[in-house]
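**Q** Once you've had a glance at the structure underneath, I'll fire off some questions.
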């Protein structure tokens, strides 16, 4: 299990057919694409997977396909919902579907106290036999995971890892100092400072852009582990350029989330990994000019495209 | 149906037993308590109902109990979730359980474009045979319902009403001017300016405090309809004083949502309507001193208490 | 003095010449335009006056011109700055220039505690002989004036009025209930619910749109005072339509503040009151199409234009 | 000049006497304390200097004392105010007082468009003969400096450096990639990831905690320049522990800014550098227990205290 809490663990996009159905074949190809790059685990049903747009049925089937295709790679599953009882149900279904652990945000839609956030994690952890990873993503939940709550959960063993998608490396670094002695996994969600987060004590990374270029992030992980900061930085700089794909979409026409996740899917479609760039309802699609610009960025980053 | 889009439509709290199970008997008493006061409809599964903390099963059973107890009063049901496909499932279950309409927020957790919000409502409306009410509650969703989207949805008939819990009467009033010609219902969620919202063109109200004192809000509605603004204001001022119950809880100890909804439940418990003040996990309870202060405010407002 | 804390007190724009210098002649015409409409006071150096963009010298000269032209109408002056000592200096200069009172926000740029906000107002009030009005405009300062601080300041006599530009009528109404017994003036900054705010206990109003159509707001004030809510509402609805001028500017080209204040100036220019629509640096101007649209809205509102 | 745009440039606190007057002797000692540690420049009149609370006169005198005491070290001066004309005045006064450059935020209190922010910087740069440094501190201004604006200003030579106090290392790193070719200085304001920011391309740092422990930040700068990342990290970790002093104050009693800046002053007082820990009005003081806790953290960090 602990292998899943170190190294590169991409948060998989969820491929759809052009008709909007789960595309299992594309998902299997995506798993293979990532496994071939040498990633250390997979994260299914996270923000990059458009989890918020999926029915429970699609969530479970996605996880089942991924687990079957993973060939022993540990698969973490998002158990992401607004409240405790709902998250417990997701977590149990994930356990039944073979997840190696569940990734859980604080409650949202509501405004919880830090002690209520702690109670939330305790209830979820008590309800399943697989480990719980805390997921801090205030841009989505608008409920940050406070540092004292994190520290309490880490010290008492309720959580086995933190996935930090706050974008706040200062706060992450302080968190590392507070909880490193507990031995929990410390995963950054950043696409643009993965190398530096590793130097600051992260044990691994969960970058959405890792769908598109898993090899790049694996190289960063290995370079830092080998102490070669310059090589890690060079790779990171190449990926920063590539990450411009998430800003290609015209935000006066489609939303922020659709633009970013649609770019990941468009890139994977251009690379031949998935059969359709389609996103979940109600997201609107990128247009042809935007896809062409993404294609250009892929080529500049040295990635082969087939379309 | 249209009767449900005018007048007083309280958003019911969801009573639990001391063990945390749905308390159907208390819920039936609550329905009776509201019906006796002459309300015009009921809204089950909204923010005041702690919908974000409930499993799908509890959501459905709550609605079934309320519909059975409502004796013909129309019951609106929240179909509140992060994404389109999830909301469609809730809406269909609500339709099957006898809801007169479904109350739907924009997608949240994600960051949608206004056109994606419009697509969301169209998909939900197309999936059910009961009408859709748009629910604007940015304090919970962090995704406001933009005025042009509202206007498009009202004009094309996708929605039959707006429930405005934004707290922004200026924006509501402008919305009224833009959409009043469509004839949609215009419901304010405000506890503290219901009388003024009615004067500004609201057709009704959905005040959480209406659980505790439905008679007061019915008196406001009738006074404004009779043109007696002074009587409406006097009643509103009494209710503003009573509304202090939501600020009684110590926010350094329990969260904002638990403090406010816990106060509604504590008040209904003190009034003898429900058997337990318990809130859903992971919310923490009010303490004895806080409950005593709520009791004092009820007495000052002229409401009988039995505990 | 108290005459200035009731009724219509427009927050004057600050006219510039085409070269960007203070245009005293236009300012005198603006004062006359407002006085002729029967306003009860003037507010110089507020947000509508672009105070944040003015040097101290321009602030003082603007005030001197307005006082000289006001013919006995009381002139309130903004003493708006980031910190206590700076505000004290503005307030003293305003007193010397003949201001009837100073309008003061909480400290901003910094993040003060409510008790520090109270200390701020006490220090300013102690430093001048003219009364202090508290100015709550969190959209500009990002520091709301907390209700307990307001209540303390009103009860101890540190402030003689509140100017509420929060847009939150619920909070304003609760504030009215808490402080009405102190007799302080309660001024709403809303352009779109002035009639309802008066019914809720406001003693007057400070609407930026009152620069353009002071007669309309005077009619609202008089209608509410006469108990004719229907007449007040009809006038308010006409002004809501006119208020669309602040949304005419393309926000992908010029900023929110420049668009709104530029619209007031463009309208006054079209009406022949001021000689140039120019705003302060670094604001960008409206374009011809936008000005034409503003012209159309003025005509629809029944206001004569000369350009 | 360029020497000031690399290396450690602490943002000086502004010492006051117990009576609240500028304490020139303490300021001179502070300059000596920093110079002795080998810093590369000084920044006077920034957020850490409580610039928002100072009169213009105090701003100028503080700068004059610092320049006189600096013994050739370049002194940057904040020219921080809400609008263009006001900032120009500050910048000219700073030039006259001997500043080597002025540090300028976007306009605030207002809501400017990115093109208006660009116009703001151009106007300031055109008005003085000393270079302009862009200061991005959205926690104070609530107006971020957009990346395209930064890029335009750097490429055209309007600004010679960026001081990034956004806390967002991802955005900073992308900014570095976009503007490094222009050769501008890239200064991080972070206390907790200075070492990583340097690796990411920062040319220097402006840490508030550098008042208290300038030697530590100088060691980080030199270690990174020597390629000794491990030594830099070890020093940074010690400073992260020390940085807890800014969280010592009880935020239910005094404000965020007073708590943080009061902690810097309390620490300098305990170390014997300044004669009084007093902050500017209207900030409230730390209490004895809080000061004792700061003392403990200083000792743990290995810093000598005399009180």
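Where a number appears in this text, it was derived from the coordinates with a stated rule and is not lab data. Small disclaimer: the values here were computed from a predicted structure and weren't measured. We place every Cβ from the backbone using ideal geometry, glycine too, and count neighbours over all the protein chains shown.
**Q** Relative to the longest principal Cα axis of chain C, at what angle does helix C:256-270 sit, 0 to 90 degrees, rounded to 10?
**A** The two axes meet at around 50 degrees.
**Q** Could you calculate the FRET efficiency of residue D:288 with residue B:289 from 1/(1 + (r/R0)^6), where r is the beta carbon distance between them and R0 is 22 Å, rounded to 0.05?
**A** 0.15
**Q** Right, here's the next one. If you project the alpha carbons of chain B onto the principal axes, what extent comes out on each, in Å, largest first?
**A** Between the extreme Cα coordinates on each principal axis of chain B lie 51, 44, 40 Å.
**Q** Continuing with this model, one more query. In degrees from 0 to 90, rounded to the nearest 10, what is the angle of the helix D:229-242 Cα long axis to the longest principal axis of chain D?
**A** Value to nearest ten degrees: 60.
**Q** When averaged across all projection directions, what area in nm² does the alpha-carbon convex hull of the stretch D:1-138 cover?
**A** Mean shadow area of the hull around the Cα atoms is 8.1 nm².
**Q** Which of rounded, prolate or oblate describes the stretch B:232-298 when judged by the alpha-carbon gyration tensor and an a/c cut-off of 1.5?
**A** On the way: a/c = 1.99, a/b = 1.51, b/c = 1.32.
Taking the square roots of the gyration eigenvalues as a ≥ b ≥ c, the stretch B:232-298 is prolate.
**Q** Here is a further query. Label-point separation (nm) for residue A:180 and residue B:180, each offset 7 Å from Cα along Cα-to-Cβ?
**A** The answer from the label model is 6.4 nm.
**Q** Same structure again: Antiparallel DSSP bridges in chain C: what percent, to the nearest 5?
**A** The answer is about 5 percent antiparallel.
**Q** Right, next: In a Gaussian network model over chain B where Cα atoms closer than 10 Å are linked, find which of B:130, B:254, B:117 has the largest mean-square fluctuation.
**A** Top of the fluctuation ranking is B:254.
**Q** Can you tell me which of A:82, A:279, A:158 moves the most in a GNM of chain A? Springs connect C-alpha atoms under 10 Å apart.
**A** A:82
**Q** A further question follows. Output needed: percent of Cα pairs per 5 Å distance bin for the stretch D:106-156, bins running from 0 to the one holding the longest distance.
**A** Distribution as computed: 5, 21, 32, 25, 14, 3 percent.
**Q** Next question, about the same structure. Please report how far the C-alpha centroid of the stretch B:1-45 lies from that of the stretch C:175-191, rounded to the nearest whole angstrom.
**A** 35
**Q** Let me know the mean shielding of A:196-205 by other chains, meaning the per-residue number of their Cβ atoms within 10 Å of its Cβ.
**A** Numbers: counts 9, 3, 0, 8, 9, 2, 0, 0, 0, 0.
Across the residues of A:196-205, the mean count of other-chain Cβ atoms within 10 Å is 3.
**Q** Sticking with this one: Is the C-alpha gyration tensor of the stretch B:73-147 telling us rounded, prolate or oblate? Criteria: a/c under 1.5 is rounded; beyond that, a/b larger than b/c is prolate, otherwise oblate.
**A** Prolate is the answer for the stretch B:73-147, as a/c is 1.5 or above and a/b outweighs b/c.
**Q** How shielded is C:52-59 by partner chains, expressed as the average number of their Cβ atoms within 10 Å of its Cβ atoms?
**A** Per residue, the average neighbour count from other chains is 5.
**Q** Output the Kirkwood hydrodynamic radius of the protein assembly as shown, Cα pairs only, in Å rounded to one decimal.
**A** Details: mean 1/r = 0.0313 Å⁻¹.
Evaluated over the protein assembly as shown, this radius sits at 31.9 Å.
**Q** Name the residue, out of A:222, A:253, A:278, whose mean-square fluctuation peaks in a Gaussian network model built on chain A with Cα pairs under 10 Å.
**A** A:253
**Q** Follow-up. Using all C-alpha to C-alpha distances in the stretch B:189-307, build P(r) with 10 Å bins and read off the rounded percent in each one.
**A** 14, 44, 29, 12, 1
**Q** Something else now. In peptide D:248-256, what is the residue-averaged number of other protein chain Cβ atoms found within 10 Å of each Cβ?
**A** That average works out to 3.
**Q** What value in Å³ per residue do you get for the convex hull of the alpha-carbon atoms in the stretch C:1-66?
**A** Expressed per residue, the convex hull around the Cα atoms of the stretch C:1-66 is 86 Å³.
**Q** Taking residue C:157 in one copy and the same position in all the others, each labelled 7 Å out along Cα→Cβ, what are the pairwise distances from the first, in nm, shortest first?
**A** 6.3, 6.6, 6.6
**Q** For a quick check: sort A:181, A:142, A:33, D:113 by the number of other beta carbons within 10 angstrom, fewest at the front. All intermediate terms of the calculation are to be shown ahead of the outcome.
**A** Details: A:181 9, A:142 17, A:33 21, D:113 24.
With the fewest neighbours first, A:181, A:142, A:33, D:113 line up as A:181, A:142, A:33, D:113.
**Q** Compute the helix-to-body angle for B:214-225: its Cα long axis versus the longest principal axis of chain B, expressed 0 to 90° and rounded to tens.
**A** Long axis of B:214-225 versus the principal axis of chain B: about 50 degrees.
**Q** Can you give me the distance in nm between label points at residue C:155 and residue D:306, each placed 7 Å from the Cα along the Cα-to-Cβ direction?
**A** 4.6
**Q** While we're here: For residue D:247, place a label point 7 Å from Cα along the Cα-to-Cβ direction in every copy; what are the distances to the other copies, in nm, shortest first?
**A** Ordered by increasing distance: 3.0, 3.1, 4.3 nm.
**Q** Starting from a label point 7 Å past Cα on the Cβ side, list the distances from residue C:225 to the same position in the other copies, nm, shortest first.
**A** The projected label point of residue C:225 is separated from its counterparts by 3.5, 7.1, 8.0 nm.
**Q** For the stretch C:90-133 and the stretch D:56-92, what is the separation of their C-alpha centers, rounded to whole Å?
**A** Taking the Cα centre of the stretch D:56-92 as reference, the centre of the stretch C:90-133 is 25 Å away.
**Q** Further question: Closest beta-carbon to the D-to-B rotation axis: which chain D residue owns it, and what is the separation in whole Å?
**A** Chain D residue with minimal Cβ-axis distance: D:252, 3.
**Q** Restricting the count to DSSP beta bridges whose residues both fall in the protein assembly as shown, what percent are antiparallel, rounded to a multiple of 5?
**A** Details: 4 of 92 bridges.
Among the beta bridges of the protein assembly as shown, antiparallel pairing accounts for roughly 5 percent.
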